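The values are calculated or read from the model by the stated rules, or taken from the named source; none is laboratory data. Note that the structure is a prediction, hence the values are computed from the model and not measured. Don't worry about glycine lacking a Cβ; one is built from the backbone with ideal geometry, like all the others, and counts go over all protein chains shown.
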């Protein structure tokens, strides 16, 4: 293989020597011109179109709206307005509770599934299942949400099926249950995949050793498998929390929009008027919350074992 | 032993149930798209292409597909280019502040889309780009470049760094080594990245909804339809989009596999 690659490269005599004198593995302060050509584009792009817009978002939370126009200034008015409103804190607590609940539930459902795929299926079946788990990422989340509406609505498929069994129809759409169905649709494949990847790299001999030492199945899972896969499980849970905390589709179209979540507050405030600064306050609060969650999760995942 | 069998059976059944849950809405939208009923219920109504005819005769849908395609092509080209340069930088250079650099390159997909949408809307309207189709492109490139970078970086991880050094020793300058060693080696992943980023862009609705103004892309069109009255045209559009993206993804997968075989032989 190496010789193949080398044949493809013309061995001109204009070899440059600075490349040969670079020591691999040694950190440098400045890159050569060639390196700058490759390292700079994404840095510049993400600074202008990612970092700056986010910083700008925080900045406009201090701006004011006068005569339907945003005026650059530095006032705490939007902050004091939003943070003193009961509806904001209701939405905050509601969003936090829903996202935390989804994180726990999705992780609990995903783990037996990932565990079974990792340990109870043949290699070929495993690959097929992983492929199937990737498929939902390429179907529209909106279309799946709409599809759930048809299943869950009062006259929908599920209630019709229950009716055939003689069970009275009950409300599933526009309830917290509906929101959770959406959250599961959004997160479950990703969480199973992430847990699966961490389970697949567990040293099998650890499990066999536990069995040989007379450790039961459940105890092996709890004391050997779970701790070994901790990083993957925590990272998966973190992604689940980030996704559900910021999602506005499920709470609105499956949960009915009442009570509002922070993200539905943002879309309402942004789309129905010029109160972008207030929406920016909500967004900043969300970012802070997510940063705390991410920091806590990473600390927990990489904590040294006692 | 019997107890083991029972537990394994229960676990496998659980996996089947999880997959049923995941695929129920996907299969549902496919079936409903061919169903004559506006509100499908049991028993299902008859077969019909009515919803496909409706979207075919809706100029707004055609325009949305054109917009999505334009955005998707530009986004996939630029974000793959950015992703490639970032992946190569990570592969090749150790430098101070690299963890911050990598965080910048990889973080965008972890920011909630509502926040990204609001931030892009506020920023782009300030520079007079909001509501333009460029606004969607710029936002999507920010969000897609990390995926391109991840795909290409995984391919580079399979490469021995000494191969490039060998090319230099044999007299190739850095650009020639890039052209004749790195590019051929990463080519399949570059194509894969092109397809994956296009698929991601084709599916993104939230940020596009914030910044697109009147230039609806397909997912924005779906979102706006969802807000109005019930319309099974969503299922028809969804089925078409699903087939399009799956074709792209399978093509990407085939490209990655075709090159892997001779390399490992």
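Find the residue count for the range B:98-120, including only residues that are more than 7 Å from every other protein chain (Cβ to nearest Cβ) and either crowded, with 24+ Cβ neighbours inside 10 Å or modelled with pLDDT of 95 or more (or both). Total meeting the criteria: 2.
Counting only residues that are more than 8 Å from every other protein chain (Cβ to nearest Cβ) and assigned to a helix (DSSP H, G or I), the range B:81-97 holds 4 of them.
Conditions (1) farther than 26 Å from residue B:253 by Cα; (2) touching a helix residue (DSSP H, G or I) at 6+ places or on another chain (Cβ under 9 Å), marked per residue:
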| position | (1), (2) |
| --- | --- |
| A:109 | yes, yes |
| A:113 | no, yes |
| A:119 | no, yes |
| A:126 | no, yes |
| A:145 | yes, yes |
| A:173 | yes, yes |
| A:208 | yes, no |
| A:215 | yes, yes |
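Set side by side, the residues A:135, A:139 differ, and just one is within 21 Å of the chain's Cα centre (by Cα), at pLDDT below 90 and within 7 Å of chain B (Cβ to nearest Cβ), which is A:139. Within the bounds of the range B:49-70, is there any residue that is surrounded by 21 or more Cβ atoms within 10 Å (Cβ to Cβ), in contact (Cβ under 8 Å) with a residue 40 or more places away in the chain and closer than 30 Å to residue A:39 by Cα? Yes, the range B:49-70 has at least one match.
Applying the set (1) farther than 30 Å from residue B:39 by Cβ; (2) crowded, with 21+ Cβ neighbours inside 10 Å to residue A:98 leaves exactly one unmet item: (1). Of the conditions (1) at pLDDT below 90; (2) crowded, with 21+ Cβ neighbours inside 10 Å, residue A:237 satisfies every one except a single condition; which number is it? Only one criterion is unmet by residue A:237, namely (1). When the range A:111-132 is filtered for residues that are touching a residue at least 40 places away in the same chain (Cβ under 8 Å), more than 8 Å from every other protein chain (Cβ to nearest Cβ) and closer than 28 Å to residue A:248 by Cα, the ones remaining, listed by number, are A:111, A:114, A:130.
The condition of being more than 9 Å from chain A (Cβ to nearest Cβ) and in contact (Cβ under 8 Å) with a residue 12 or more places away in the chain holds for only one of B:177, B:192, B:206, that being B:192.
Of everything in the range A:255-306, what is closer than 20 Å to residue A:142 by Cα and not in a helix (DSSP H, G or I)? Give them in sequence order. Listed by number, the residues that qualify are A:255, A:256, A:257, A:258, A:260, A:261.
A single member of A:188, A:165, A:199 is at pLDDT 90 or above and either at the interface with chain B (Cβ under 10 Å from one of its Cβ atoms) or more than 20 Å from the chain's Cα centre (by Cα) (or both), and it is A:188. In this entry, residue B:152 is excluded by the filter for residues that are at the interface with chain A (Cβ under 10 Å from one of its Cβ atoms) and modelled with pLDDT of 90 or more.
Can you name the residue in the range B:29-48 that is within 30 Å of residue A:131 (Cβ to Cβ) and without any contact (Cβ under 8 Å) to a residue 24 or more places away in the chain and is also surrounded by the most Cβ atoms within 10 Å (Cβ to Cβ) among such residues? The qualifying residue surrounded by the most Cβ atoms within 10 Å (Cβ to Cβ) is B:34. Of the residues screened, residue B:163 is not one that is over 24 Å from residue B:93 (Cβ atoms), within 10 Å of another protein chain (Cβ to nearest Cβ) and either free of Cβ contacts under 8 Å to residues at least 40 places away in the same chain or surrounded by 21 or more Cβ atoms within 10 Å (Cβ to Cβ) (or both).
Tell me which residues, restricted to the range A:269-290, are within 13 Å of residue B:115 (Cα to Cα) and without any contact (Cβ under 8 Å) to a residue 24 or more places away in the chain. Once the filter is applied, which keeps residues that are within 13 Å of residue B:115 (Cα to Cα) and without any contact (Cβ under 8 Å) to a residue 24 or more places away in the chain, the range A:269-290 yields A:269, A:270, A:279, A:288. Would you mention how many residues in the range B:5-35 are at the interface with chain A (Cβ under 8 Å from one of its Cβ atoms) and farther than 22 Å from residue A:140 by Cα? Adding up the residues that qualify gives 6.
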